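Written below as C-alpha cells is the structure these notes are about.
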Amino acid sequence: METGTIQKLESLLLVSVPRDLMDEEVLRLRRQVSQEIRRYRSRWVLLDFSQVDICDSFFGRFIQSMADMAGLMGAEVIVSGLQDAVIETLIELGMTLPNIQAVLDLDDALALSREELLSGESPISTGSDAAKNNLLLANDEGDRNSLFADLTEV
C-alpha cells in the first residue's frame, strides 16, 4: 500500500496522505517526512488529507505526532483538505490540534507560508529567542550537547 507522496514546494513540503494508512505505514511516512524536512530544511509541512474520508482517534494522534516531530525540527504543520465527516469525527472525539494551522487548500497553505516568510518570523513558536537560535544552530552544525545545555536554561 502507498504511504503517501512528498513533494517540495518553495519552503513547504507537500505530503499527500493516502486514504487508508496502517500503523506501520504511518511510522514509515513520519520517518520519510522527517528525512525530507532535514534534507530540504523545510519550514512548513503541509499534510493534505483530501483523499481521506473517514478517521478515528488514531488519525488525530497521527496529525498531532507529525506536528510534534516537525516542531522539534523547526518546521510548522499546516493541514488542508479535511472532509466534513473527518472534521465532525475529530470534534466528536474531543480532539484538539494545538499548534496546527488548518487551511482549505494548497493555495491557502502557500499564501500562509509566503506571508510568514515575508514577515521574517520563524515557524518555531515556543521558547526564548536564544533557545530558538541555538536549536537552529545545533541542527546546522550537529552540536547537540550545547543545544541541550542551552535548552535547560530556558
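Quick notes on this structure:
- Of Ser119, Ser125, all but one fail to be farther than 19 Å from Val15 by Cα and modelled with pLDDT under 50; the exception is Ser125.
- The set of residues in the range 75-101 that are in contact with a helix residue (DSSP H, G or I) (Cβ under 9 Å, 6 or more places away or on another chain), under 16 Å from Ser50 (Cα atoms) and either among the hydrophobic types (A, V, I, L, M, F, W, C) or assigned to a loop (DSSP other than H, G, I, E, B) (or both) comprises Val77, Ile78, Val79, Gly81, Leu82, Val86, Leu90.
- Qualifying residue in the range 9-25 (condition: among the hydrophobic types (A, V, I, L, M, F, W, C), buried (at least 17 other Cβ atoms within 10 Å of the Cβ), in contact with a Pro (Cβ under 9 Å, 6 or more places away or on another chain) and assigned by TED's automatic domain parsing to the domain that holds Ala111): no
- Any hit, the range 40-53, residues being exposed (fewer than 14 other Cβ atoms within 10 Å of the Cβ), out of contact with any strand residue (DSSP E or B) (no Cβ under 6 Å at 6 or more places or on another chain) and of a type in the set (A, V, I, L, M): no
- Between Val86, Val77, Val103, the distinction of being β-branched (Val, Ile, Thr) and either touching a Cys at 6+ places or on another chain (Cβ under 8 Å) or touching a residue at least 60 places away in the same chain (Cβ under 8 Å) (or both) belongs to Val86 only.
- The condition of being charged (D, E, K, R) and within 11 Å of the chain's Cα centre (by Cα) holds for only one of Asp84, Asp108, Asp68, that being Asp68.
- Qualifying residue in the range 31-47 (condition: farther than 22 Å from Arg114 by Cα and aromatic (Phe, Trp, Tyr)): no
The values are calculated or read from the model by the stated rules, or taken from the named source; none is laboratory data. Just so it is clear, the model here is predicted, and its values are computed rather than measured. Ideal geometry is used to build each Cβ from the backbone, glycine not excepted, and the neighbour counts take in all protein chains shown.
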